[in-house]
1. Going by what's in this entry, would A:Val94 be described as among the aliphatic types (A, V, I, L, M) and surrounded by fewer than 19 Cβ atoms within 10 Å (Cβ to Cβ)?
2. Kindly check whether there is at least one residue in segment B:221-228 that is under 26 Å from the mean Cα position of the chain (by Cα) and part of a strand (DSSP E or B).
3. Going residue by residue through segment A:122-130, is there one that turns out to be closer than 20 Å to A:Met43 by Cβ and crowded, with 22+ Cβ neighbours inside 10 Å?
4. When you scan segment A:208-224, do you find a residue that is polar (S, T, N, Q) and assigned to a loop (DSSP other than H, G, I, E, B), even just one?
5. I want to confirm something. Restricting to segment A:99-114 and keeping residues that are facing another protein chain (nearest Cβ under 10 Å) and under 19 Å from the mean Cα position of the chain (by Cα), which single residue is nearest to A:Ile203 (Cα to Cα)?
6. Among the residues of segment B:192-213, are any assigned to a loop (DSSP other than H, G, I, E, B) and within 24 Å of the chain's Cα centre (by Cα)?
7. Give the residue that is farthest from the other protein chains (Cβ to nearest Cβ), with candidates limited to residues of segment A:140-174 that are among the small types (Gly, Ala, Ser) and under 25 Å from A:Lys50 (Cα atoms).
8. Please list, ordered by residue number, the helices (runs of 4 or more DSSP H) wholly in segment A:26-126 having 1 or more residues that are closer than 30 Å to A:Arg226 by Cβ.
Amino acid sequence: MNDASAVLSGRDIHFTYDRGANALHVLKGVSLDLHAGELVAVMGPSGSGKSTLLHLLGLLARPERGSVFIGGQDPWKVNESRRSKIRNRSLGFVFQFHHLLEEFTVHENVAMPCMISGMSRKRAMETAGELLREVGIMDRARHFPSEVSGGERQRAALARALVMEPSVVLADEPTGNLDDEATSVVENLMLDLARRRNQAFLIATHSRELAQRCGRLLMLDRGLLREP
Amino acid sequence: MNLWLVGALSGRQVVSRYQSGFVRFVGILSIAGIAIGVAALIVLRSFMDGFMGAIRTSLDTVNPPVYVFSPGGGRLGPADLGLVEELASTLSETTGAVAILERPAVASGAAGTVAGVMVRGRSDKGDGAVLGIRLAEALGVSGGDTIRVASTAGATVSGMGRILVDTIMPLAVVSVRDFGIDEYNRSLVSVSIGTARTLFREEQTISAIGVNLREGSDPVPVSAALDSLLRRSYVDEGWPVYISAIPFMAFHSNLFQALGLETLAMTIVLALITVVALLNLSSALFMIALEHRWDTGVLRAMGASPATVFVTSITRGLSMGVAGVLSGVALALLAVWGVNRFFPIRLDASVYWVENLSGRFSVETAVAVSMATIIVCLIVSVAPALSSLSDSPAKALRYE
């Protein structure tokens with residue numbers, strides 16, 4: 001049964017990478033609940049399946065077995081178009097390598113989820129502008145991703161993840177590619193925004209410092225999620 | 001679906017400086033291929049249309065658009081002219097009829113130069129003779145000179161073997177004209193029908209009746225209508241002989257059919273070359289889709305639906321096609337104008353009838369070629385668009 005109060009739930013999630021004779025069973029029955037405003041860190045060695053778990057919880061791939069619930073609803077019971085809307089409205093992603101589209105300015109990148117939702121470009125840019133101010137890179141709005149620093153790119157990626165005010169943000173090693181100074185800025189910003197906006201964050205990380213600053217820590221080991 | 005986003009995604013990714021140089025090169029190459037194919041098709045049609053148009057215009061200038069004649073070779077008379085005038089006046093597109101008497105003759109000019117000529121007498125011409133430009137050159141005469149024309153109609157051979165012509169008539173050359181068609185330029189002597197009748201001693205005879213039409217009228221339906229009226233007047237009333245009306249171009253239908261076939265064959269060959277360029281577009285779109293596979297994963301993660309990704313990909317193909325088509329049309333316009341203006345093509349008039357080949361850019365042809373190309377662009381964009389949806393967003397995001 002899924003927890004009705006949870007904004008995101010996973011139940012008995014299994015996933016195998018099909019490589020013929022070398023099939024890799026990375027998740028062997030993972031379950032978790034994420035509540036509004038909760039900050040949860042997931043740690044585990046490389047290849048343990050942290051990114052895969054985030055992709056499955058973020059509806060980017062379908063679990064081989066088990067269920068995912070967003071706001072108590074099973075998104076795999078609706079068609080892909082509806083599922084895309086759920087991804088757009090309820091989920092935000094922050095990736096290790098910012099994943100900003102190089103052909104668009106920082107401002108346009110942040111406005112993109114709003115435009116995907118059908119919002120007019122003008123309104124989307126206004127909404128994105130507010131987020132850019134909040135993450136402190138409004139002065140870099142007109143620059144292209146290649147023209148700003150790694151820390152600024154990741155702040156833009158964070159703004160993009162938050163611009164639709166999703167109930168859950170899934171961050172996959174968000175500071176894994178940054179220097180210490182940028183890491184500190186992005187971590188502080190992320191945790192501060194999460195608390196202020198009462199949004200649930202599930203953060204896959206190798207950083208013990210970041211994990212300790214989150215409210216809850218989970219370890220992914222040999223395909224199972226457990227408290228440390 | 002935000003149209004700005006779809007347009008920006010498809011447009012910017014085509015010319016993105018962030019994708020590999022090879023993919024960009026292949027993309028530009030496929031746009032260039034489409035442009036060259038479209039330009040080649042339009043240029044071909046422009047010059048073939050220009051060639052056929054020049055012949056038609058020249059024939060139209062010298063000949064009435066509708067010809068009434070006796071298919072059996074019988075001579076026409078004033079009664080026939082009166083009937084044709086009466087019947088033609090019932091058709092709104094006609095402006096009148098002219099009597100024509102046309103016979104071969106021999107003309108001599110300055111210093112004893114002699115040439116075989118075709119004397120054409122028309123009831124709407126004034127006194128004096130108008131000569132084709134090459135004929136005037138051959139006879140060594142110009143406007144204001146006099147030529148002597150001998151009718152061969154009543155020629156006999158004497159017992160001594162000399163040719164005795166019936167009539168020799170001096171004619172004042174009022175002007176020398178380029179009739180456009182080499183055959184006319186080398187042989188035509190245009191005079192009034194009175195002069196022709198005097199020369200050939202045929203007081204009442206008419207060899208054909210020409211019917212003139214209003215500007216822009218199509219001679220084919222008018223000649224069909226007039227022919228039908230003539231049949232009713234002659235055959236249906238029991239007369240053994242009837243006269244027939246046909247568009248003048250029908251005398252040259254074989255030529256135009258042959259040229260039409262040649263144009264069709266060349267169009268097919270060039271269209272196939274354009275199709276190859278469009279297949280190249282498909283390859284380029286596959287490469288761009290592969291190059292932006294990761295971007296597609298990001299877009300899907302942000303909530304872009306498969307329909308949005310598909311439409312974006314199709315728009316990308318369409319925008320490349322439109323870029324190619326617009327460049328091709330511009331290239332064709334430039335090529336036709338440039339050839340006409342700076343590199344005029346001279347033809348051997350004795351072979352091709354006309355001396356200059358000039359292109360006539362046709363908007364209808366350009367629109368037809370462009371629309372057909374864009375439709376094929378849409379079709380070849382479908383497979384790359386589907387390929388961009390073949391991976392789950394997670395798989396696309398792992399692709400780096």
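1. Criteria not met by A:Val94.
2. For segment B:221-228, residues under 26 Å from the mean Cα position of the chain (by Cα) and part of a strand (DSSP E or B): absent.
3. no
4. Looking through segment A:208-224, none of the residues is polar (S, T, N, Q) and assigned to a loop (DSSP other than H, G, I, E, B).
5. So, considering only residues that are facing another protein chain (nearest Cβ under 10 Å) and under 19 Å from the mean Cα position of the chain (by Cα), the one nearest to A:Ile203 (Cα to Cα) is A:His99.
6. No: zero hits.
7. Filtering segment A:140-174 for residues that are among the small types (Gly, Ala, Ser) and under 25 Å from A:Lys50 (Cα atoms), the one farthest from the other protein chains (Cβ to nearest Cβ) comes out as A:Gly151.
8. A:50-57, A:80-90
The values are calculated or read from the model by the stated rules, or taken from the named source; none is laboratory data. Only a predicted model underlies this, so the values are computations on that prediction, with no experimental measurement involved. Note: ideal-geometry Cβ built from the backbone for every residue, glycine included; neighbour counts use all protein chains shown.
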